[in-house]
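S.K.: Below is one structure. I have some questions about it.
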Amino acid sequence: GATEEDRKVYIVYLGSLPQGEYSLSSLHQNMLQEVVDGGSVENLMVRSYKRSFNGFAAKLTENEMQKLATKKEVVSVFPSRTLQLQ
Amino acid sequence: TTNSWDFIGLKESVKRNPSVESDVIVGVLDSGIWPESESFSDEGFGPAPKKWKGVCKGGRNFTCNKKLIGARFYSLNELEETARDTNGHGTHTASTAAGIDAKDANFFGLGKGTARGAVPSSRIAVYKVCSEFGCSGVDILAGFDDAIADGVDLLSLSLGGDPTDFSQDPVSIGSFHAMAKGILTLNAAGNSGPDPGTTGSVAPWLMSVAATTTDRLFVDRIVLGNEKDVMGFSINGFSLNGEKFPLVVGNDVPGDCAQSDSLKCSGSCLNSSAVEGKIVLCELSEGTIAARQAGAVGSIILKDTVSGPVSFVVSWPSSSVTSKDYHRIISYINSTKNPQAEILKTESIKDSDAPVVAFFSSRGPNTILPEILKPDISAPGVNILAAYSPIASLTREDKRHAKFNIISGTSMACPHVAGVVAYVKTFHPTWSPSAIKSAIMTTARPMNDSITSQAEFAYGSGFVDPTNALNPGLVYETFEEDYIRMLCSIGYSSEKLRRLTGNNNTCLEASKKASPKDLNYPSMTSEVSAGTPFTINFHRTVTNVGLPNSTYEVHVFSNSGVRINTVPKVLSFKSLNEKKSFDVTVTSNGVAANTILSASVVWSDGKHRVRSPIALIAKE
C-alpha cells in the first residue's frame with residue numbers, strides 16, 4: 001500500500017566487484033524486482049555502481065529497504081544523506 | 001594561492017620532478033570547475049598520461065584541455081547538466097591543489113601575487129557531485145566509482161557531514177575502494193568546531209585535514225575621531241578616502257520594530273533617517289546588511305572573540321571587532337558629543353602566531369572509532385586566495401563576481417594536503433597510500449592549540465611540511481588486510497567483510513580479540529577511564545625508507561605527567577624496506593575526566609625525525 005511519496009532514495013551497498021563476467025545492471029534490477037511488489041522497477045532505479053565497486057541506489061519504501069537489508073549479498077542499505085561543502 | 005604555499009614551505013624554487021609530475025592525475029569531487037580560469041590553462045602541456053581512462057563529459061559548452069583532462073557531472077535531481085562550477089568552491093579547491101601559476105592574482109587589490117597550486121604540471125579530473133542543494137550520497141559514490149576506474153592518482157573531497165558508521169558513509173565506502181586500488185583520499189575534517197567530537201571524517205584509510213591560519217592576516221582598521229586605532233577583521237576593498245563619518249550605536253536608533261531586535265540591528269530595526277550617512281555599531285553580523293539597507297555609509301560589527309582572526313568578504317565599508325574593542329568604541333562614543341570614525345581599506349599584516357587551528361575546524365575525538373586519531377593533519381584553511389568561478393556570487397549576500405576569491409574552511413585546507421600528496425608522489429610514485437600518508441604525518445611540524453586546548457584532537461599530527469615529507473626515514477604502512485583485521489576487531493562479520501573485499505576474508509579469533517588501537521597508524525590515541533590508574537599499550541611496525549644501514553633511537557616527549565616506555569629503544573636496519581616492530585606503553589596514576597594527555601614518540605637516526613603523537617582522553 002506504499003505510495004510514491006513514501007519512497008526515499010536508499011543506497012544498497014554490495015561491496016567489491018564480483019569476479020568474472022557479470023551484467024551488474026541486470027543483477028541490480030533483479031535484486032530490486034525481488035523486493036518490489038509487481039510493476040516495473042525501471043523508474044525506481046536511480047543509479048548502478050559497477051566500475052569500481054558494487055551497489056545501486058533506488059527509490060524504496062521502508063518495507064522494501066528492510067527486505068533488501070536481510071539479503072546475504074548486501075553489506076548495508078542506508079538513506080542517501082546530503083553532505084555539505086566545507 | 002598567493003601566499004599559503006610559501007608559508008607551508010613549498011616555494012616556487014623547490015625541487016621538482018616535472019616529467020613524473022605531468023603524469024599525476026588529481027581527482028577532485030566538488031562543485032565542478034571553471035575550465036576557462038587561467039589556473040587551468042594547458043599551455044606547454046603534452047597529451048594526457050597513458051594510464052588515463054576517463055572522459056570529458058562536462059556537458060554543453062564545456063571543453064577539457066591537456067591540463068583539465070577529465071570532467072563528469074552527476075545529479076540525483078537531474079537539475080545540473082554541466083560540470084561547470086556555478087558555486088566557485090570547486091574551482092577554488094582544484095586550483096589550490098593543482099592550478100598552474102596565475103600572475104597578478106588578487107581580490108579587488110587584496111592579497112596580490114601569483115596564485116599557484118602545489119603541482120602545476122599535474123593533471124586535473126573533475127567530478128561534479130555537489131549542487132546548490134549540497135552533495136548527495138548517491139552522487140558522491142558515483143564520483144568515486146568513476147574516478148577510481150578512470151585512473152586518478154589521488155582524490156580530494158572538500159565535503160562532509162556528521163560522523164557516520166563506515167558501512168553507511170559514502171565517503172568511507174568510496175575511499176576504502178580507492179585505497180584498495182592505491183589511491184589516497186583527502187577529506188576536509190569539517191567546519192563544526194570547536195566542540196569536541198565534531199569531525200565527520202573518521203575512516204582510518206582516508207586522510208582528514210584540519211584548517212589553520214597562515215602568516216598573512218587581513219586586518220581592517222578603524223580610526224576613531226580621537227585618532228585612536230582599533231584593529232578590525234574583514235576583507236573590505238573599499239576606502240572612505242580619509243573622511244570620518246558620525247558614529248551611532250544601532251540600539252540608539254531603532255526602527256519601527258520591537259526594542260529587543262533593535263539592540264542587535266537585525267532585520268529592518270534601524271531608523272533610516274537616523275543612520276543615513278553614518279557608521280553604525282551593531283552586535284550581530286546581520287547588522288552589516290541592516291545598516292546598509294537603512295542607508296548607513298558603513299558598519300562595525302561585534303565578533304565572537306573565540307573565533308580568532310578569520311576575516312570575511314564584505315561588499316561595502318564594514319569591519320568586525322572583538323568584544324574588548326567593541327566596548328572601547330562604545331566608551332569613546334560615550335565620551336564625546338560628536339563621535340566619528342573612518343573604516344580603512346583592508347590591508348595584510350604578518351601574523352607571527354600562525355599557524356593556529358581555526359576555531360571552526362572540526363575536532364576529534366573520533367566518535368565512530370575512538371582508537372584512531374582524527375583529524376590527521378593540519379594545513380592552511382583561513383583567508384585563502386585562489387581561482388573562483390566568475391559567475392558565482394562572492395558570498396550569499398555579496399552578489400559581486402571575481403576571478404579570484406578569498407575564502408575560509410577545512411575545504412580550503414584539504415586541497416593543500418592533496419597537493420602535498422601529489423608532490424610526494426612525484427618523488428615516490430610506487431609508495432602505497434598509507435606510506436605517503438605516514439610520511440606527511442610523521443614529518444609534520446608540531447603545533448600548539450592555545451585557543452581551545454584540544455591538542456592533537458584539533459590539529460592531528462601537526463602542520464604539513466612538504467619538503468620534509470619527501471624523506472621521512474621510516475613509514476607506518478597499513479594495507480587492506482590490516483583494515484580488515486581492524487574491522488573484525490570492531491565487530492564486522494566475516495560475511496560482511498567477504499562482500500566488502502571480494503576475498504575469502506574471515507575474522508580469525510585473534511583478530512576479534514585485537515584492539516583497533518593496534519592498527520599500524522602513524523598516530524596513537526585511546527580513551528582511558530578518568531580517576532583510575534591505567535596502562536595502555538600500542539604495537540607498531542615501521543618500514544625503513546631512509547638509509548639502508550641505519551640505527552634509530554627513540555625519544556619520548558610528554559608534558560602530561562604520564563610515563564611512557566618504548567620497547568625496544570633502538571631499531572637497527574640493514575636494508576631498505578626492512579620492517580621492525582616496537583611497543584609503546586603509557587601508564588598513569590589516573591587523571592580527571594576530559595583531561596587530554598598529549599605526548600609524542602620520535603625515532604631518530606640523526607638525519608630523520610619520525611614523530612608520532614600520542615593523545616589520550618580521560619572519560620567518565
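S.K.: Per the helix-only calculation at 222 nm, which mean residue ellipticity applies to chain B, given -39500 (n - 2.57) for every DSSP H run of n ≥ 4 and division by its residues, nearest 500 deg cm²/dmol?
M.R.: Mean residue ellipticity at 222 nm (helix-derived): -5500 deg cm²/dmol.
S.K.: When Cβ neighbours within 10 Å are restricted to other protein chains, what is their mean count per residue of peptide A:15-24?
M.R.: Other-chain Cβ atoms within 10 Å of each residue's Cβ, averaged: 3.
S.K.: Starting from the Cα gyration tensor of the range B:46-133, take the square roots of the eigenvalues, sort them a ≥ b ≥ c, and report rounded, prolate or oblate (rounded when a/c is under 1.5, otherwise prolate if a/b is larger than b/c, else oblate).
M.R.: The shape class here is oblate.
S.K.: Sticking with this one: Which percent of Cα pairs goes in each bin when the distances of chain A are cut into 10 angstrom slices starting at zero?
M.R.: 17, 52, 25, 6, 0
S.K.: Moving on to the next point. By per-residue mean of other Cβ atoms within 10 Å, what is the highest-first order of B:79-91, B:396-408?
M.R.: The packing order, highest mean first, is B:79-91, B:396-408.
S.K.: What order do you get for B:206-219, B:271-284 when each peptide is scored by the mean count of other beta carbon atoms within 10 Å, highest first?
M.R.: Descending packing order for the listed peptides: B:206-219, B:271-284.
S.K.: Separate question: Would you please put B:154-166, B:119-131 in order of how densely packed they are, using the mean number of other Cβ atoms within 10 angstrom per residue and starting with the highest?
M.R.: B:119-131, B:154-166
S.K.: Residues with beta-carbon under 15 Å from that of B:E276, excluding B:E276: net charge, scoring Lys, Arg +1 and Asp, Glu -1?
M.R.: +1
S.K.: How shielded is B:490-503 by partner chains, expressed as the average number of their Cβ atoms within 10 Å of its Cβ atoms?
M.R.: Mean shielding count: 3.
S.K.: Then there's this: About its Cα centre, how strong a charge dipole does chain B have in debye, to the nearest 20, once Lys and Arg get +1 and Asp and Glu get -1 at the Cβ?
M.R.: 1300
S.K.: For the range B:484-620, compute Rh as the Kirkwood radius over C-alpha pairs and then the Stokes-Einstein diffusion coefficient at 4 °C and 1.567 mPa s; write the answer in µm²/s, rounded to an integer.
M.R.: D = 78 µm²/s.
S.K.: Go through the range B:552-562 residue by residue and turn each phi into a ³J(HN,Hα) via Karplus (6.51, -1.76, 1.60, θ = phi - 60°); whole Hz please, and just put x for glycine and proline.
M.R.: Ordered by residue, 3J(HN,Hα) equals 10, 10, 8, 10, 10, 10, 7, 10, 9, x, 9 Hz.
S.K.: I need the trypsin sites (Lys or Arg not before Pro) found in the range B:570-601, filtered to DSSP loop residues with at most 12 other beta carbons within 10 Å of theirs.
M.R.: B:K574
S.K.: Same structure, new question: On each of the three principal axes of the Cα atoms of chain B, give max minus min coordinate, whole Å, ordered largest first.
M.R.: 79, 63, 46
S.K.: From other protein chains only, count the Cβ atoms within 10 Å of every residue's Cβ in B:130-139, then give the mean.
M.R.: Mean partner shielding for this stretch: 5.
S.K.: Would you mind giving the three semi-axes, in whole Å and largest first, of the ellipsoid equivalent to the range B:83-203 according to its Cα gyration tensor?
M.R.: For the range B:83-203, the ellipsoid semi-axes come out as 27, 19, 14 Å.
S.K.: Something else now. Given H placed on each backbone N at 1.01 Å, which residues far from B:K619 in sequence or on other chains put an amide H within less than 5 Å of it?
M.R.: When sequence neighbours closer than 5 places are left aside, the close amide H contacts are B:V528, B:S529, B:A530, B:N594.
Values quoted throughout were computed directly from the atomic coordinates according to the rules given, and no laboratory measurement underlies them. It should be emphasised that the depicted structure is a prediction, and the values quoted were computed from it without experimental measurement. For neighbour counting, all protein chains shown are included, and Cβ atoms are generated from backbone atoms with ideal geometry for every residue, glycine included.
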